[in-house]
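Peer 1: Next up is a structure, given as structure tokens.
Each value in this text was obtained by applying a stated rule to the coordinates, not by laboratory testing. For clarity, every value in this text was computed on a predicted model and none was experimentally measured. Here the Cβ positions follow ideal geometry from the backbone for every residue, glycine too, while neighbour counts run over all protein chains shown.
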Amino acid sequence: MAAKNRPSRPPRLSPAQQESPDTLSPEEVARRRAQIERDAAAANRLAAQRLLNDGARLLRAQRPAEALAPLQQAYALAPDDPDVAVTLGGALVMNARWNTAVSFLEGAVEQHPFNARLLMNLAAAYLGRLEYSSASAQEKAIETFKQAIEIDPVAENAHYSIGLIYAERQDWPEAENWFQAALRANPNDRDAILWLRRLEAAQTARLANSPGEDSLAED
């Protein structure tokens, strides 16, 4: 008796062959690739957050030189994260790497133009060390601090920093205006309170025909 024709069976595939792009539909291949990319991005974000935390901890411990390496690694993993950019920019400023800080922070501000903390760090980078800063550097810093204030009217230390610049210039009325503004932004700003007391004492000395201005400038 002749054997009946039986339908042919597809060859059995190994698990690896079943998962091969050659055996999956284009839609499934695209879906799996997208999932792999999402998983990789999530892993990068997690690693970047850990490195950011390490860098921030070192900055709080006043160890800015040590903070640079983990923060730079965090930025390599998460270049679009504004918190990473803020912290790395702050670390560059704390390490007195002014030119590097300016270049980095200008790029970060272009990417995140409404981030007041980035603008604050950029202003500090423009200024450098106040006692050695040029008039043009001071002007750029003032304008950038003001931009930060426009975004965040109580931006921490922005008003006070402008007051310090005017105090360095011995422009006491402007310095007083900005220290008052600092106090309105933060009524507990002890440094602003101390400066206002100094300015008040100097004014009292001037009214008493004492060389108050000179003594204030020499403090």
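Peer 1: Grab the Cα-Cα distance for Arg57 and Glu106, subtract it from 0.36 nm times how many residues apart they are, and report the gain in nm with one decimal.
Peer 2: 15.2 nm
Peer 1: I would also like to ask the following. Given the peptides 49-56, 186-193, 136-143, arrange them by the average over their residues of other C-beta atoms within 10 Å, most packed first.
Peer 2: 49-56, 136-143, 186-193
Peer 1: Could you work out the local net charge near Leu71, counting Lys and Arg as +1, Asp and Glu as -1, over the other residues with Cβ closer than 14 Å to its Cβ?
Peer 2: +1
Peer 1: Once both labels are modelled 7 Å past Cα along the beta-carbon direction, what's the Ala42-Glu156 spacing in nm?
Peer 2: 3.2 nm
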